[in-house]
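Enquirer: Below are the structure tokens for one structure; questions will follow.
The values are calculated or read from the model by the stated rules, or taken from the named source; none is laboratory data. Model, not experiment: these values are computed from the prediction. A quick note on method: Cβ atoms are made from the backbone with ideal geometry, for glycine too, and the neighbour counts reach across all protein chains shown.
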Amino acid sequence: MIAYQGRNECDRGCQFATTSRSRSKSRRLEIAAISVDSTEESRKLSLAKGYTFPVLSDPNTEVIRRYGLLHPKGGEDGQDIARPAEILMDASGTIRWENLTEDWNVRARPRQVFEAFDSTIGM
């Protein structure tokens, strides 16, 4: 799962998903992004950017809070948003690896994500 701050800020985090699609498929790695954006905003973002993975909407931050990704009052108008993160979960929803950051410019490289996947969940 890729957590992003919302309001079209998925570019850096979601770049991994778009550039690494074949490597993800060979590992049966499913990618999804999540933010506080509304369903409509998420749909528009997906269409505009050509994303081929789900962009989930969590405006009430229920899932974002469940995974410890809340950045309280971090949005441009002081609203709660998701902090930038990449998370690997196994089929049961257990977090097996995570890259959490306070800076949306700092993201895991695809190589890091695949190495983490191979060493924790495996092929």
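Enquirer: Go through segment 105-120 residue by residue and tally those that are in contact (Cβ under 8 Å) with a residue 60 or more places away in the chain and surrounded by 17 or more Cβ atoms within 10 Å (Cβ to Cβ).
Expert: Counting residues in segment 105-120 that are in contact (Cβ under 8 Å) with a residue 60 or more places away in the chain and surrounded by 17 or more Cβ atoms within 10 Å (Cβ to Cβ) gives 5.
Enquirer: For segment 90-103, which residues satisfy the criterion of being surrounded by fewer than 17 Cβ atoms within 10 Å (Cβ to Cβ), of a type in the set (A, V, I, L, M, F, W, C) and touching a residue at least 12 places away in the same chain (Cβ under 8 Å)?
Expert: Result: I95, L100.
Enquirer: Something else about it: Please go through segment 55-109 and pick out each residue that is out of contact with any Leu (no Cβ under 6 Å at 6 or more places or on another chain) and of a type in the set (K, R).
Expert: Matches in segment 55-109: R65, R66, K73, R107, R109.
Enquirer: Another question, if that's okay. Any chance you could count how many residues in segment 13-39 are among the small types (G, A, S), surrounded by 17 or more Cβ atoms within 10 Å (Cβ to Cβ) and modelled with pLDDT of 85 or more? Before the answer, list the steps.
Expert: The first filter runs over segment 13-39 and keeps only residues among the small types (G, A, S), leaving 13, 17, 20, 22, 24, 26, 32-33, 35, 38.
Okay, now just the ones that are also surrounded by 17 or more Cβ atoms within 10 Å (Cβ to Cβ), so 13, 17, 20, 24, 33, 35.
Checking which are modelled with pLDDT of 85 or more leaves us with 33, 35.
Total satisfying the criteria: 2.
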